[in-house]
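The values are calculated or read from the model by the stated rules, or taken from the named source; none is laboratory data. Bear in mind that the values here come from a model prediction, so they are computed numbers and not experimental data. Note that each Cβ is placed from the backbone with ideal geometry, even for glycine, and that neighbours are counted across all protein chains shown. Ligands, DNA and RNA are excluded from the accessible area calculation, which covers all protein heavy atoms including side chains. Shrake-Rupley method; radii C 1.70, N 1.55, O 1.52, S 1.80 Å.
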Amino acid sequence: MKIGLVVHGPEIVDSGYALKILKFLERYGTVKARLGGTIGRTAVIDANLEDKIDISQKLFPSQSVDKFNKEGCDVIFLINYGKSSVTGHAFGYKVYNNSKDQPPVIQMERPGEPDGSVVPWRDDLAPLAAEIAMKTGLKLVSPEDIRNTLFSNDPCQATGQTICRKIAGVSPGENIFVNGMVIGKSTSSEVTIKAENGIITQVIGGTLKEHGVEKLGPVDLGKAIVKTGLLRKSRVKPRILKSEKLNTKYTIAYLNHAAEDVYKLKNADLVVTVGDDTTLVAADILYRFNVPIIGITDGDIDKVVEEGHKTEDSLIIEFESGWDDLVGEEIFSQLFNRQKTIETENIENFKSKLLQIISNITSQYQVKYS
């Protein structure tokens, strides 16, 4: 049997279950695994599993499912470790409905928990799913139960130019992410996001972060990846990958959007990041590749990971509220000539020029060295 394995999220990797399930499924046939999502890449790197789980492409979970389906897999396992069975089952429902051509998907959800489950998202897979559930000690849950419990009154539907989407399994005080960008914070356990003409306009049961919405821009809310809580909860020892750069010139990159593919910058020598969330996420990822950052921030930070890291020689420059974007725009224009990457022969000269630009704009800032 040809088996595709879509690994989603850092928790399934950090818990050790991604590798356990991969080895278990090898009893049934040939298994090929790839990541679905973005944050899980860091977990795969930390676990030294790049040779077993393909992280070479940035793919949504449904795109990874579709790719395996096109490759002719007999069955595709979607494995996830949601913060609850509600969020996990809601995730599986969205992935399956965003996939094409009714692919042969079996979901394995929260395998290390008492409510861990196996869900056959296509009826003909029920016998195999039942066997898997029995052998792994997980509960067998039908798609009908999930649809009836969570989506019998699914508000994610178009009304003219307006779309609203209910978020399952939310707790008060959690960050709300849309495609990796914090767009608000929950104030209750009943949260619905509303968008008009592709722009998020309201968080019912929560507060809207307008700055995050601006950075996110237009979005297809019905198909977007929506998360709440932390992007990564586990405290793990980061794995630093060796670099053998022998540069005569240095590459410096500019990043002002946390939802962009930070991994594309792993070969840079320095990255200038704009915004508190962008700086926190990028610094933590680039730490694995020994890439320092210069973070342009204003203290408006959301806790998006349990524990963040920064490469030595990084700088965090903190301004008064609202100044980070203005300063970042000037740096992008004057130093980068509005190009995403530039080359320099002297990084210290670049830093001096950057600090001079900042000093010309305002004297109200603090520099924090790592």
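Looking at the structure I just gave you, is ARG41 of a type outside the set (Gly, Ala, Ser), more than 16 Å from GLN107 (Cα to Cα) and without any contact (Cβ under 8 Å) to a residue 24 or more places away in the chain? No; evaluated as a whole, the condition is false for this residue.
A count restricted to the range 345-366 and to residues that are without any contact (Cβ under 8 Å) to a residue 40 or more places away in the chain, open to solvent by less than 60 Å² (accessible area, probe 1.4 Å) and within 21 Å of THR251 (Cβ to Cβ) stands at 2.
Residues being open to solvent by 20 Å² or more (accessible area, probe 1.4 Å) and in a loop (DSSP other than H, G, I, E, B) are represented in the range 122-135 by at least one member. For the range 158-198, taking the residues that are surrounded by fewer than 14 Cβ atoms within 10 Å (Cβ to Cβ) and in a strand (DSSP E or B), the one that is nearest to the chain's Cα centre (by Cα) is identified as ALA158. Go through the residues of the range 345-357 one by one and say whether even a single one is among the polar types (S, T, N, Q) and in contact with a Leu (Cβ under 7 Å, 6 or more places away or on another chain). Among the residues of the range 345-357, not one is among the polar types (S, T, N, Q) and in contact with a Leu (Cβ under 7 Å, 6 or more places away or on another chain), which makes the answer no. Taken together, VAL7, VAL31 contain a single residue that is assigned to a strand (DSSP E or B), of a type in the set (A, V, I, L, M, F, W, C) and under 15 Å from the mean Cα position of the chain (by Cα), which is VAL7. Go through the range 199-241 and give me each residue that's assigned to a strand (DSSP E or B), free of Cβ contacts under 8 Å to residues at least 60 places away in the same chain and out of contact with any Ser or Thr (no Cβ under 9 Å at 6 or more places or on another chain). Selection gives ILE199, ILE200. I'm trying to understand the selection: among the residues of the range 261-277, which are crowded, with 19+ Cβ neighbours inside 10 Å and either of a type in the set (Asp, Glu) or farther than 20 Å from GLN339 by Cβ (or both)? Matches in the range 261-277: ASP269, ASP276, ASP277. Among the residues of the range 316-337, is there at least one that is surrounded by fewer than 14 Cβ atoms within 10 Å (Cβ to Cβ) and touching a residue at least 60 places away in the same chain (Cβ under 8 Å)? No, every residue in the range 316-337 fails to be surrounded by fewer than 14 Cβ atoms within 10 Å (Cβ to Cβ) and touching a residue at least 60 places away in the same chain (Cβ under 8 Å). Only a single item in (1) outside any loop (DSSP other than H, G, I, E, B); (2) touching a helix residue (DSSP H, G or I) at 6+ places or on another chain (Cβ under 6 Å); (3) without any contact (Cβ under 8 Å) to a residue 60 or more places away in the chain is not met by ALA90, and it is number (3). Residues in the range 297-308: is at least one buried (at least 16 other Cβ atoms within 10 Å of the Cβ), under 29 Å from ASP46 (Cβ atoms), touching a Leu at 6+ places or on another chain (Cβ under 6 Å) and not hydrophobic (A, V, I, L, M, F, W, C)? Within the range 297-308, one or more residues are buried (at least 16 other Cβ atoms within 10 Å of the Cβ), under 29 Å from ASP46 (Cβ atoms), touching a Leu at 6+ places or on another chain (Cβ under 6 Å) and not hydrophobic (A, V, I, L, M, F, W, C).
Here's the yes/no breakdown for (1) within 22 Å of VAL13 (Cβ to Cβ); (2) modelled with pLDDT under 90; (3) open to solvent by less than 70 Å² (accessible area, probe 1.4 Å); (4) over 18 Å from the mean Cα position of the chain (by Cα):
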site: ILE204; (1), (2), (3), (4): no, no, no, yes
site: VAL236; (1), (2), (3), (4): yes, yes, yes, no
site: TYR250; (1), (2), (3), (4): no, no, no, yes
site: THR279; (1), (2), (3), (4): no, no, yes, no
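The lone criterion from (1) open to solvent by 10 Å² or more (accessible area, probe 1.4 Å); (2) more than 21 Å from LYS166 (Cβ to Cβ); (3) not hydroxyl-bearing (Ser, Thr, Tyr) left unmet by LYS83 is number (2). Scanning the range 22-38 for residues that are touching a residue at least 60 places away in the same chain (Cβ under 8 Å) and either among the small types (Gly, Ala, Ser) or open to solvent by less than 10 Å² (accessible area, probe 1.4 Å) (or both) yields one hit, GLY37.
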